[in-house]
1. Return the pair list, or none, for Cβ contacts closer than 7 Å from residues in region 30-55 that are assigned by TED's automatic domain parsing to the domain that holds H16 to residues that are hydroxyl-bearing (S, T, Y) and surrounded by 11 or more Cβ atoms within 10 Å (Cβ to Cβ), at least 6 apart or on different chains.
2. Is at least one residue of region 30-40 in contact with a helix residue (DSSP H, G or I) (Cβ under 7 Å, 6 or more places away or on another chain) and β-branched (V, I, T)?
3. Does region 47-61 contain any residue that is under 24 Å from the mean Cα position of the chain (by Cα), among the hydrophobic types (A, V, I, L, M, F, W, C) and at pLDDT 90 or above?
4. Considering (1) exposed (fewer than 15 other Cβ atoms within 10 Å of the Cβ); (2) touching a Lys or Arg at 6+ places or on another chain (Cβ under 9 Å), say which one S65 fails and leave the rest.
Amino acid sequence: MPTITKLFTMEEASEHNTSEDCWVVIDGKVYDVTTYLEEHPGGDDILLEVTGKDATDEFEDAGHSKTARELMGQFFIGELDPTVPAIPKMEIVSKKQKHEDLSYKILNFSKQYWVVPVAVVGISVVVGFVFLRRK
């Protein structure tokens with residue numbers, strides 16, 4: 001008789017993101033690593049950084065051994081539901097980019113409307129000459 005695998009959404013997995021309830025998703029499989037936090041050779045902070053999200057890239061980048069991959073079976077609780085789309089990633093816009101956009105806009109504005117500052121300077125020079133002649 002085939003084993004029935006529980007399906008989770010990425011949203012469900014993302015709700016388990018604390019040291020008291022820690023899930024990670026690796027290659028579409030969901031693992032409850034709460035009880036393994038203190039035993040993890042890299043420390044619990046490594047797992048807590050990726051808890052509640054897809055940690056496939058981080059897991060592969062760490063170069064885990066065959067033994068580590070076999071150990072994962074103890075913590076397997078289900079798979080991601082392939083019919084539900086993943087949570088879209090948020091686009092992060094830095095404050096620096098906003099400032100660069102503002103300076104860019106000001107520069108373009110001054111290029112576009114160069115007549116205004118030139119007129120102000122010209123009028124100031126004329127008023128200055130007129131004022132000095134009267135004295």
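The values are calculated or read from the model by the stated rules, or taken from the named source; none is laboratory data. Given the structure is predicted, the values throughout are model-derived calculations rather than measurements. Don't worry about glycine lacking a Cβ; one is built from the backbone with ideal geometry, like all the others, and counts go over all protein chains shown.
1. Listed pairs, sorted by first residue: L37/S19; D44/S19; L48/S19; G52/S14; K53/S14.
2. Yes - at least one qualifying residue is present in region 30-40.
3. No, there is no match, as no residue in region 47-61 is under 24 Å from the mean Cα position of the chain (by Cα), among the hydrophobic types (A, V, I, L, M, F, W, C) and at pLDDT 90 or above.
4. It fails just one condition, (2).
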